[in-house]
1. List every residue pair whose Cβ atoms lie under 6 Å apart, where the two residues are 6 or more positions apart in sequence or sit on different chains, the first residue falls within the range 303-320 and is surrounded by 10 or more Cβ atoms within 10 Å (Cβ to Cβ), and the second residue, located anywhere, is among the aromatic types (Phe, Trp, Tyr) and not in a loop (DSSP other than H, G, I, E, B).
2. For the range 261-273, indicate whether the set of residues that are part of a helix (DSSP H, G or I), at pLDDT 95 or above and more than 30 Å from Ala356 (Cβ to Cβ) is non-empty.
3. Go over the candidates Ala122, Ala141 one by one and state the one that is in contact (Cβ under 8 Å) with a residue 60 or more places away in the chain, out of contact with any helix residue (DSSP H, G or I) (no Cβ under 7 Å at 6 or more places or on another chain) and assigned to a strand (DSSP E or B).
4. For the structure I just gave you, tell me whether Gly217 is on the phi > 0 side of the Ramachandran plot and modelled with pLDDT under 95.
5. Could you look through the range 85-98, keep only residues that are in contact with a Gly (Cβ under 9 Å, 6 or more places away or on another chain) and part of a loop (DSSP other than H, G, I, E, B), and pick out the one that is surrounded by the most Cβ atoms within 10 Å (Cβ to Cβ)?
6. Using beta carbons and a limit of 8 Å, which pairs, at least six apart or on different chains, have the first residue in the range 62-84 and in a loop (DSSP other than H, G, I, E, B) and the second one at pLDDT 95 or above and of a type in the set (Gly, Ala, Ser)?
Amino acid sequence: MIRKTDVIIIGAGQAGLATSRGLTDLGIDHVVFERGGIAQRWRTERRKNLHLLTPNWMTRLPSWSYSGADPDGFMHKDDVVQLLSDYSDDFAAPVQCNTEVRSVSLSENGYRVITDTAFWMAKSVIIATGACDKPLIPKFARYIHSSIRQITPDRLDDISNISHSGILVVGASATGIQLADELLRVGCDVTLAAGSHVRTPRRYRGRDIMYWLDKCGVLSESRDSQASLQSVLNHPSFQLVGGPVNRNLDLGSIALRGARVVGRITSTSGRRVFLSNTLSASIDSAEVRQKRLLSRIDKYIEEIGIDAPVEPTINPIKISNDESLINLAERGIKTIIWATGYKREYPWLNVPVKTAKGEIDQAGGVTSAPGLFTMGLPFMRRRNSTFIDGVGADAHEISQFVAAHLGLRSTRAA
């Protein structure tokens, strides 16, 4: 039997649920498919001790906001799962859990969606499977000697399970630098290979940095229409850590605690890892970005007339390392952790909207296929499109696009 609905949402994380709320408010019939439980990736593909990088007060979804006793704390990943489950229950989101999408293809009147349990027809499909789909591992990783253990952050449930021998962490954005920090704390010998990154203080002028980024509009900035899709998808995350103690985390603090910081990896062969000589340039570039960001905050504070303490000058990081080769055996490195970001894969999407790299070609969540939209992708419509706090605005606008596609006259298109 063929089942019908107006809209199918694929994915029941924050992006899918926020969009479901938007469609519910508009009275649009829809169903949400989730391959596992609600917030499946938060359940099974996040480290045991992971916390959000944004304060609890910033945990906001359409028609819901945090009201607990610790607004300045940082939510643990298990609490995020509970939050999203409660949010779904709050408006009776039409979620079908443990339902795997096998195929999405065009039909005469919309889309055919085949799951492992049923055959559906819908006029519109919203792909909300998230930004962190599959770990992005460089192709040259295949040339590493088989004696070297290679893992990715989604498979790293407990840092204490790693041997205390030498470890090479590849990547210096939020995940990579947090892993280096945790490994140092349990006594590991850590080498951190750093490429492009964004240095950011945890607190600035008496407030959490996210307070200022939120207030002065940095996080809600619209995507540059001239920016290429790939550059947007590869934008590095802030070097921040959330937890019970407010502290800065950057290459300088990691190096002072004993980590060896090296440049970006360019290739590998057996037990040898080859490096670029761009470490100093990457650090200098991060310093320029940080100064520009903090200057924008200073300007906002001055224009609004906020009484905020003047921050002492943040000293630039100076790390000189011109190594071009790491011999893993000589360094005692037996494990490599690839914290090199994520890619998206859509093997079930049989609609001609994918780029040569397999990403969905979209502009602000709108694809060239009528009625096919995306949600929750990096910088999709705004800088915070992947944040729990950012999906709401995107969901509202995508819901309006969907309504317009369905021909609902009472809805004003975004």
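The values are calculated or read from the model by the stated rules, or taken from the named source; none is laboratory data. If you're wondering where the values come from, they're calculated on a predicted model, not measured in any experiment. Cβ: placed from backbone, ideal geometry, glycine included. Neighbour counts: every protein chain shown.
1. Taking only residues 6 or more apart or on different chains, the pairs are Glu311/Tyr204.
2. no
3. Ala122
4. Details: on the phi > 0 side of the Ramachandran plot: yes; modelled with pLDDT under 95: yes.
Considered against the rule, which asks whether it is on the phi > 0 side of the Ramachandran plot and modelled with pLDDT under 95, Gly217 comes out as yes.
5. As a first pass, look at the range 85-98 and keep what is in contact with a Gly (Cβ under 9 Å, 6 or more places away or on another chain): 85, 93, 95, 97-98.
Cutting the leftovers down to part of a loop (DSSP other than H, G, I, E, B) gives us 93, 97-98.
Working: Ala93: 22, Cys97: 14, Asn98: 12.
So, considering only residues that are in contact with a Gly (Cβ under 9 Å, 6 or more places away or on another chain) and part of a loop (DSSP other than H, G, I, E, B), the one surrounded by the most Cβ atoms within 10 Å (Cβ to Cβ) is Ala93.
6. If the second residue must be at pLDDT 95 or above and of a type in the set (Gly, Ala, Ser), the pairs left are Pro62/Ala18; Pro62/Gly22; Pro62/Gly392; Pro62/Ala395.
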